[in-house]
1. Given the conditions (1) touching a helix residue (DSSP H, G or I) at 6+ places or on another chain (Cβ under 9 Å); (2) part of a loop (DSSP other than H, G, I, E, B), and given that Ala128 satisfies all but one, which numbered condition is not satisfied?
2. Mind checking which pairs have a first residue in the stretch 92-107 that is over 17 Å from Gly150 (Cα atoms) and polar (S, T, N, Q) and a second that is part of a helix (DSSP H, G or I) and at pLDDT below 95, Cβ under 6 Å, 6 or more apart or different chains?
3. Go through the residues of the stretch 193-201 one by one and say whether even a single one is within 19 Å of the chain's Cα centre (by Cα) and either of a type outside the set (Phe, Trp, Tyr) or buried (at least 21 other Cβ atoms within 10 Å of the Cβ) (or both).
4. Under the condition of being open to solvent by 40 Å² or more (accessible area, probe 1.4 Å) and not hydroxyl-bearing (Ser, Thr, Tyr), which residue from the stretch 72-106 is farthest from Arg213 (Cα to Cα)?
5. Name every residue in the stretch 344-366 that is of a type outside the set (Val, Ile, Thr) and open to solvent by less than 70 Å² (accessible area, probe 1.4 Å), in order of residue number.
6. Among the candidates Lys176, Lys264, which residue alone is over 22 Å from the mean Cα position of the chain (by Cα), surrounded by fewer than 20 Cβ atoms within 10 Å (Cβ to Cβ) and not assigned by the TED database to the domain that holds Asn360?
7. Does the stretch 75-85 contain at least one residue that is aliphatic (A, V, I, L, M), more than 28 Å from Gly236 (Cα to Cα) and free of Cβ contacts under 8 Å to residues at least 24 places away in the same chain?
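The values are calculated or read from the model by the stated rules, or taken from the named source; none is laboratory data. Owing to the predicted nature of the structure, the values given are computational and were not obtained by experimental measurement. When we count neighbours, we look across all protein chains shown, and the Cβ atoms used for this are built from the backbone with ideal geometry, even at glycine. These accessible areas exclude ligands, DNA and RNA; they are computed on the full protein's heavy atoms, side chains included. Shrake-Rupley method; radii C 1.70, N 1.55, O 1.52, S 1.80 Å.
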Amino acid sequence: MIQAFEAKNPDIKIKLLVDPTGQTVSRSIKSGSQTPDVVRIVGFAIAEFASTGNLVDLGDLVKKDGIPDDDWLLPLSSTKVGDALFSLPQDFRIPILFYRKGALQQAGVTPPKTWDEVCAAGAKFTDANTIPFAVPLGATGGLGGAQGLGEFYLSSMLPGNEGQYFGPDGKIAFTKEAFIRASKTIKDFFTTCKVTPMRSAQMGINEVHDAIRSGTAAMTVFGLYRYKTVQQQGGGDDLGWAAAPAFSDTDKQTVYSYHIAMNKKSDKQDAAWTFIKFMVSPEAQAIAAEGGEVVSRKSAYSAAYFKNEVAQNQVQWADLISKRGRTVGYTPILSTFHTIVGEAFQRMVLRDGSPEDAYNEVVERYDAALSKAQ
């Protein structure tokens with residue numbers, strides 16, 4: 001994509017910094033550094049970056065260049081933080097159900113569409129060495145805390161179809177009732193349903209990845225961006241996917257994206273905007289798609305690549321995102337929230353605590369952390 005940009009814009013040279021954890025970029029933006037000029041940020045961290053005051057509101061530039069709001073799998077306006085458009089999404093990612101076909105066939109289970117169906121599947125698995133449904137309460141992998149629990153489960157379960165996750169001020173926006181319902185559902189997987197063994201309560205993203213890859217887990221909800229990797233690392237033709245379960249089979253699922261944004265302190269903002277526009281253009285996104293991304297622009301899907309069999313999962317995921325995807329607001333201290341909620345859920349499951357106690361713990365600890373951060 002960068003080579004294609006430089007070929008079209010020979011007067012602009014791109015220097016790429018690969019920053020897997022995002023910590024270098026985060027420190028640069030927070031400190032008001034002039035570089036990098038352009039940053040690529042995971043969508044749920046936009047609120048944190050925007051809170052520094054060092055990202056450019058791209059709204060006027062988007063209007064000036066006529067970038068349409070409706071040429072995206074989800075409306076561009078849905079990615080705003082408050083009333084400001086600090087970034088443009090390059091892709092969209094939605095949780096999906098990963099499952100091992102052989103394990104489900106042996107148990108006589110069809111891919112569950114609802115949480116009730118996940119629960120009911122527990123009694124059908126008889127192999128003690130198989131985790132019927134893996135839930136990541138642990139903190140390994142990801143950007144901090146129990147990210148897997150937050151990203152794949154709670155960010156959809158807590159706000160529901162119409163509500164919100166966090167408000168623009170970072171305060172909790174989900175209801176107590178929603179939290180109780182979600183936490184009871186997950187606790188039941190470990191207890192009443194016996195679909196998730198107690199021994200797996202410490203599993204995080206890394207362990208769930210290894211379990212579904214090796215076949216020691218029959219099912220899990222995971223990010224579609226891991227599907228091809230799990231397939232190549234051992235899943236092969238035995239790996240299948242379906243829409244993620246929810247309270248009903250039409251419920252919305254929270255999606256997230258990788259976004260591209262501009263540093264307000266940059267002294268190369270004209271060149272930076274030229275680069276950003278290209279990176280979200282249908283031309284550039286057709287290139288990104290060949291790497292397996294579910295790109296964000298609708299018009300990119302007319303590219304010849306999407307007619308190939310290899311692209312059919314991406315096409316179906318794009319359709320799923322358009323039909324059942326939604327975006328929510330995040331807190332600037334999301335990793336802290338993931339740590340707090342993961343620990344509360346582990347206590348609830350391992351010490352037989354109540355969902356009400358977990359809610360009180362999360363609210364008390366999170367409100368204190370938010371006040372300290374502000």
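1. (1)
2. Once the first residue is over 17 Å from Gly150 (Cα atoms) and polar (S, T, N, Q) and sits in the stretch 92-107, no partner that is part of a helix (DSSP H, G or I) and at pLDDT below 95 comes close enough.
3. At the first step, the residues of the stretch 193-201 found to be within 19 Å of the chain's Cα centre (by Cα) are none.
No, that holds for no residue.
4. Of everything passing the filter in the stretch 72-106, Asp83 is farthest from Arg213 (Cα to Cα).
5. Step one: list which residues in the stretch 344-366 are of a type outside the set (Val, Ile, Thr), which gives 344-348, 350-361, 364-366.
Passing the criteria: Ala344, Phe345, Gln346, Met348, Gly353, Ser354, Pro355, Ala358, Tyr359, Glu361, Tyr366.
6. Values: Lys176 fails: not assigned by the TED database to the domain that holds Asn360.
Exactly one residue qualifies, and that residue is Lys264.
7. Taking the stretch 75-85 as the starting set, the residues that turn out to be aliphatic (A, V, I, L, M) are 76, 81, 84-85.
After this cut, where a residue has to be more than 28 Å from Gly236 (Cα to Cα) as well, the list is 76, 81, 84-85.
Keeping just the survivors that are free of Cβ contacts under 8 Å to residues at least 24 places away in the same chain gives 76.
Yes; the residues of the stretch 75-85 include at least one that is aliphatic (A, V, I, L, M), more than 28 Å from Gly236 (Cα to Cα) and free of Cβ contacts under 8 Å to residues at least 24 places away in the same chain.
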